[in-house]
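Some notes on the structure that comes next.
The values are calculated or read from the model by the stated rules, or taken from the named source; none is laboratory data. Keep in mind that what you see is a predicted model, and the values were worked out from it rather than measured. Cβ sites come from the backbone with ideal geometry, for glycine too, and all protein chains shown count toward neighbours.
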Amino acid sequence: MSREEVEILEKRAKAFLRFAEQAFKEGEYDLSCFFAEQAAQLYLKSLSLKLFGEVLRTHRVRELLALISTTLRDWREMINKFVQTYRAELRILEEAYIASRYLTTTLQKR
């Protein structure tokens with residue numbers, strides 16, 4: 001692991017977050033969700049690279065959070081509480097990743 005690789009993933013995560021905000025402002029809600037999911041996924045992967053020296057091999061945000069929480073006992077309670085609180089939103093993010101790439105329908109503003 002190099003600090004440069006972590007920084008690249010963090011930079012990409014921040015860029016996807018900016019894209020998500022811009023797409024939302026333009027009413028492109030499906031793309032906004034897709035970009036937001038990518039931002040979360042890349043940030044969590046940067047965190048795994050920083051903490052474990054490797055990028056975890058999954059694309060599901062909830063699974064990334066679970067893997068991080070099982071390894072970092074000090075963070076487990078906080079991460080689990082976050083996942084419980086935002087379970088619906090995390091599921092929507094994961095569904096948006098697939099839907100925005102493969103389905104022809106768009107997400108409506110909730």
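For the range 52-73, a residue qualifies if it is more than 22 Å from residue 87 (Cβ to Cβ) and exposed (fewer than 15 other Cβ atoms within 10 Å of the Cβ), and the qualifying residues are 52, 53, 54, 57. Residue count for the range 58-75 satisfying the condition of being under 24 Å from residue 99 (Cα atoms) and part of a loop (DSSP other than H, G, I, E, B): 3. Of all residues in the range 36-57, those being among the aliphatic types (A, V, I, L, M), assigned to a helix (DSSP H, G or I) and either modelled with pLDDT under 85 or in contact with a helix residue (DSSP H, G or I) (Cβ under 6 Å, 6 or more places away or on another chain) (or both) number 6.
Here is the figure for the range 8-28: residues that are in a helix (DSSP H, G or I) and more than 16 Å from the chain's Cα centre (by Cα) total 4. Can you name every residue in the range 1-13 that is free of Cβ contacts under 8 Å to residues at least 40 places away in the same chain and surrounded by 14 or more Cβ atoms within 10 Å (Cβ to Cβ)? 8, 10, 12, 13, listed by residue number. The single condition among (1) among the acidic types (Asp, Glu); (2) surrounded by fewer than 18 Cβ atoms within 10 Å (Cβ to Cβ); (3) closer than 24 Å to residue 100 by Cα that residue 37 does not meet is (2). Just one of the numbered conditions (1) without any contact (Cβ under 8 Å) to a residue 24 or more places away in the chain; (2) surrounded by fewer than 19 Cβ atoms within 10 Å (Cβ to Cβ) is not true of residue 20: (2).
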